[in-house]
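Some notes on the structure that comes next.
The values are calculated or read from the model by the stated rules, or taken from the named source; none is laboratory data. This structure is a prediction, so every number in the text was calculated from the model and none was measured. Cβ placement follows ideal geometry from the backbone for every residue including glycine, while neighbour counts extend to all protein chains displayed.
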Amino acid sequence: MVTTQFIPHATAAEDGTPVLVTTTTPAILKKLQNGSDVRGVALEGVPGEPVTLNEEAAYLIGAAFVDWLADKKGKKPSELSIAVGRDPRLSGPALANAMFAGFGSKDVGRVVDMGIATTPACFMATVTPGVAYDAGIMLTASHLPFNRNGAKFFTSDGGLDKADIKRICEDAAAACQAAPDGHAIPLDGDDAVESVPFLEDYAAQLRDLIKKGANHPTAYDEPLTGMKIIVDAGNGSGGFFAKSVLEPLGADVYGSQFLDPDGKFPNHSPNPEDAEAMDSAVEATVKAKADLGVIFDTDVDRSAVIDGDGNPINRNKLIALLAAIILDEHPGSTVVTDSVTSDGLAEFIEGKGGKHVRYMRGYKNVINEGVRRDKAGEPCHLMIETSGHGAMKENYCLDDGAYIAVKIIIEAVRRRLSGGKGISDLLSELREPLEEKEVRLKITCDDFKAYGGDVLEQLKEAVGSMKGYTPVDVNYEGYRVNRDEGDGKRGWFLLRQSLHDPVMVLNFESEIPGGVDAMAKDVVAWLKEKDFASLDASAVYAILDK
Ligand SMILES: O=P(O)(O)OC[C@H]1O[C@H](O)[C@H](O)[C@@H](O)[C@@H]1O
């Protein structure tokens, strides 16, 4: 049984120091790769979810990362500096301690514990003058439940890519193969690890950005005086934004909620894409009669805002708001988004004189495509997913929820100073769908990538004979099909494979009442005809069964 491999033997080293020894397997280590991140189950407690990211895994991944970094930087491990931050997850301190031991096994020159941090802060620690670590690592599993954890890795060149993470997980697996009995991890920590928090330095940088951007004529240092802005950090790492960024700039943050880090996330999921989380943040904004509400995900690489009337600005609306701001600063530039963005958004961006590229899901895919186009001579300043991962060229092309909030707050101050309307006025031309729906269809066989690819091929063949449907011109991912809804109205659906899970994702949007049901009916008819043996289509059927 796999779980027996995680029974730790706490014992004492020869000098009497208490140590922990856990083991893992090469297969588990390889599976910890999740695109350009490491992700796994770090705590027991959820039935059917055994631990996969234990101390030994963190140790081996830490050690493998040192080899990767030494190669990348052309330095010896003893010349490297690596800093680790974490979100409030309960498993964070033990995993950080194990990773430090992994660094120690490679004789890394300087190891820094940044304590509670955010993902963007871990990157900023690699480029901030006077700090400039060779690498910053954030231990986080973003908005996922309390039992998960993971790692995001940065150098001054940005986040590591899929291929880098693959190499690290494979090297960790090889090291595991060579030492299957695990490694002793000192339980009292390593005296050589320096404790140097970074979040306050980072907050000072954000304050400076707001001061410069707002350029308040009479209150340069406190440009938010007279504004009420509330923050919902969902008990993740983002609470500092209220206390250390907004309040010192003069904002009234009373009414902010869930600012204290709590790894059990007792209130709501820290996730601006989650309806319950968004409702809670809207309620707090309205109750506080705030000018603006800001909600972050756990590790603050994503955010969304709520306007003074309590309207949530997330997903397509958030992209539109930032596109309006960026296209004013960089007319005619390209905005790269993920694949599930609305037709109204594309029109909005084009209406503002920009070019919209509807690319793939996955924040790294979106960012890399924007960077690629920009380098090829097609100016691109904004790369953003509906999930709220948004990156700007002016901010190291880093997906950064705090920077997005800063940008919107600056716009709000400028509008206030010029006596203009609130930020939502920028969205007045955004056409929104009347109905939308997303369902997830499980693929039940092992080779789910190939299976999903085949389902998509079959859909392509079928669409030709589906009345009223035409495929969109450019599909970077999955298959997106428009439906003529009459009277100049248009609906669409997109079937694609999930980036990571054995799942196919089906999105619908319609401009007419009952439009989603109408499309679901046609998709259901096709699915029933095909009767795919390894595709659980019950979620689509359920749309019609309600
Ligand atoms: O393909 P899906 O299952 O919808 O997941 C896609 C999402 O996966 C992760 O959460 C990434 O951080 C997102 O950038 C990405 O959009």
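Residues that are among the charged types (D, E, K, R) and either within 16 Å of the ligand (Cβ to nearest atom) or in the same structural domain as Val366 (by TED's automatic domain parsing) (or both) within segment 32-52 comprise Asp37, Arg39, listed in sequence order. When Thr52 is tested against (1) polar (S, T, N, Q); (2) more than 21 Å from Leu160 (Cα to Cα); (3) in contact (Cβ under 8 Å) with a residue 60 or more places away in the chain, exactly one condition is not met: (3). Comparison of Glu429, Glu477, Glu438 shows that the only residue that is within 16 Å of the ligand (Cβ to nearest atom), part of a loop (DSSP other than H, G, I, E, B) and within 27 Å of Glu273 (Cβ to Cβ) is Glu477.
Residues that are outside any loop (DSSP other than H, G, I, E, B), outside the structural domain of Gly390 (by TED's automatic domain parsing), out of contact with any Ser or Thr (no Cβ under 7 Å at 6 or more places or on another chain) and more than 29 Å from Gly263 (Cα to Cα) occur at least once in segment 152-169.
Scoring Asp545 on the criteria (1) within 16 Å of the ligand (Cβ to nearest atom); (2) at pLDDT below 95 leaves a single failure, condition (1). Within segment 488-514, the only residue that satisfies the criterion of being basic (Lys, Arg) and within 16 Å of the ligand (Cβ to nearest atom) is Arg496. When restricted to residues that are outside any loop (DSSP other than H, G, I, E, B) and within 16 Å of the ligand (Cβ to nearest atom), segment 116-151 contains 10. Close Cβ contacts (under 6 Å, 6 or more residues apart or on different chains) running from residues in segment 74-102 that are closer than 13 Å to Ala151 by Cβ to residues that are assigned to a helix (DSSP H, G or I) and among the acidic types (Asp, Glu) comprise Ala98/Glu55. When you scan segment 88-103, do you find a residue that is assigned to a strand (DSSP E or B) and of a type in the set (S, T, N, Q), even just one? The answer is no; no qualifying residue exists.
Applying a threshold of 7 Å to beta carbon distances and a minimum spacing of six or more residues, or different chains, the list of pairs starting in segment 370-393 at a residue that is over 17 Å from Ile325 (Cβ atoms) and ending at one that is away from the ligand (no atom under 16 Å from the Cβ) and of a type outside the set (Asp, Glu) reads Arg373/Thr334; Arg373/Cys380; Asp374/Cys380; Asp374/Lys393; Glu378/Thr334.
Total residues in segment 384-403 satisfying the condition of being within 12 Å of the ligand (Cβ to nearest atom), in a loop (DSSP other than H, G, I, E, B) and either small (Gly, Ala, Ser) or surrounded by fewer than 24 Cβ atoms within 10 Å (Cβ to Cβ) (or both): the figure is 3.
Has segment 289-300 got at least one residue that is among the charged types (D, E, K, R), touching a residue at least 24 places away in the same chain (Cβ under 8 Å), over 25 Å from Ala141 (Cα atoms) and assigned by TED's automatic domain parsing to the domain that holds Lys228? Checked against the condition, which is being among the charged types (D, E, K, R), touching a residue at least 24 places away in the same chain (Cβ under 8 Å), over 25 Å from Ala141 (Cα atoms) and assigned by TED's automatic domain parsing to the domain that holds Lys228, segment 289-300 yields at least one hit. When residues in segment 417-426 are screened for being surrounded by fewer than 19 Cβ atoms within 10 Å (Cβ to Cβ) and assigned to a helix (DSSP H, G or I), 3 of them pass.
Residue-by-condition table, conditions (1) over 28 Å from Glu247 (Cβ atoms); (2) buried (at least 16 other Cβ atoms within 10 Å of the Cβ); (3) not β-branched (Val, Ile, Thr):
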{"residue": "Arg110", "(1), (2), (3)": "yes, yes, yes"}
{"residue": "Met124", "(1), (2), (3)": "no, yes, yes"}
{"residue": "Pro129", "(1), (2), (3)": "no, no, yes"}
{"residue": "Met138", "(1), (2), (3)": "no, yes, yes"}
{"residue": "His143", "(1), (2), (3)": "no, yes, yes"}
{"residue": "Ala179", "(1), (2), (3)": "yes, no, yes"}
{"residue": "Ser195", "(1), (2), (3)": "no, no, yes"}
{"residue": "Ala203", "(1), (2), (3)": "no, yes, yes"}
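Suppose the filter is within 16 Å of the ligand (Cβ to nearest atom), at pLDDT 95 or above and β-branched (Val, Ile, Thr); does Ile165 pass it? The answer is yes for Ile165. Asp113 meets each of the listed conditions (1) under 21 Å from Leu43 (Cα atoms); (2) assigned to a strand (DSSP E or B); (3) among the charged types (D, E, K, R) apart from (1).
Yes/no per residue for (1) crowded, with 22+ Cβ neighbours inside 10 Å; (2) not in a loop (DSSP other than H, G, I, E, B):
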{"site": "Leu206", "(1), (2)": "yes, yes"}
{"site": "Ala284", "(1), (2)": "no, yes"}
{"site": "Ala290", "(1), (2)": "yes, no"}
{"site": "Leu318", "(1), (2)": "yes, yes"}
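Among the residues of segment 368-383, the ones that are outside any helix (DSSP H, G or I) and within 16 Å of the ligand (Cβ to nearest atom) come to 2 in all. Entry remark, segment 334-367: residues being more than 12 Å from the ligand (Cβ to nearest atom) and outside any loop (DSSP other than H, G, I, E, B) number 16 in total.
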